[in-house]
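Contents: one structure, followed by commentary.
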Amino acid sequence: MSDSVLGTRVVTQIGILVRDIEKAAQAWADFFGIAKPQITVTDTVDVAKTEYRGESTPARAKLAFIDAGQLQIELIEPDDAPSTWREHLDRYGEGPHHIAFVIDGMKEKVLALESRGMPLIQKGEYTGGRYAYMDTFPQLKVIVELLENDRK
């Protein structure tokens, strides 16, 4: 279907880093005229198997997801542990962090991007799948997140 490196050109999600998720979630809810989204916390490292720059990290984040039609907005308030979220927030401040694509074949897609000079920054698991943040910032001016959901 697509000659894209990822096999898709459909952006599924935009991730936005925030310092106060309660305030940001309410602002987005007011903007869209919807109820404030539920705020969750990522799993602990023993469950999420979170790695940042090749090392295990206890990094966690508060998350809120907003359905914006064909696109999901993810608000992310990171803790202080080493992570791409914390690094990006400290370096660039609040705002866009990543665009995400749902893919099949996580290992192959990670290798394909790495072969193009876009290294893996952080990876982990969530209930029903796994994610990988790739450092595409030098080329694309935003981080790309790969999302692979378990087949049912």
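The values are calculated or read from the model by the stated rules, or taken from the named source; none is laboratory data. This structure is a prediction, so every number in the text was calculated from the model and none was measured. When we count neighbours, we look across all protein chains shown, and the Cβ atoms used for this are built from the backbone with ideal geometry, even at glycine. Quick note on the areas: whole protein, heavy atoms, side chains included, nothing else; ligands and nucleic acids left out. Shrake-Rupley method; radii C 1.70, N 1.55, O 1.52, S 1.80 Å.
Tabulated results
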| read-out | value |
| --- | --- |
| Label point distance in nm, Asp79-Arg130, each placed 7 Å from Cα along Cα→Cβ | 2.3 nm |
| Under-5 Å amide H pairs with Thr12, H placed in peptide plane, nonlocal only | Ala100, Phe101, Val102 |
| Accessible area per residue in Å² at 1.4 Å probe, computed on the chain | 57 Å² |
| Placed amide H near Ile121: partners under 5 Å, 5+ positions off or other chain | Tyr133, Met134, Asp135 |
| Leading residue at positive end of dipole, region 1-76 (Cβ point charges), from Phe65, Ile14, Phe32 | Phe32 |
| Within the accessible area of region 1-68 (1.4 Å probe), percent carbon and sulfur | 54 percent |
| Calculated [θ] (222 nm, deg cm²/dmol) that DSSP helices of n ≥ 4 give over the chain, each run adding -39,500 (n - 2.57) | -6500 deg cm²/dmol |
| Lysine pair count for the chain [Cα-Cα under 20 Å; pairs on different chains or 8 or more apart] | 13 |
| Assigned charges on the beta-carbon of Lys, Arg, Asp, Glu; the chain dipole about Cα centre (debye) | 260 debye |
| Karplus-derived 3J(HN,Hα), 6.51/-1.76/1.60, for each residue of region 119-135, Hz, glycine and proline x | x, 5, 9, 8, 9, x, 10, 9, 4, x, x, 8, 9, 8, 9, 10, 7 |
| Cα-based convex hull volume of region 46-152 per residue, rounded to whole Å³ | 117 Å³ |
| Sites Asp90 and Thr8 - FRET efficiency at Förster radius 22 Å, r taken between beta-carbons, to 0.05 | 0.10 |
| Gained length - Phe31 relative to Ser56, 0.36 nm times residue gap less alpha-carbon distance | 5.3 nm |
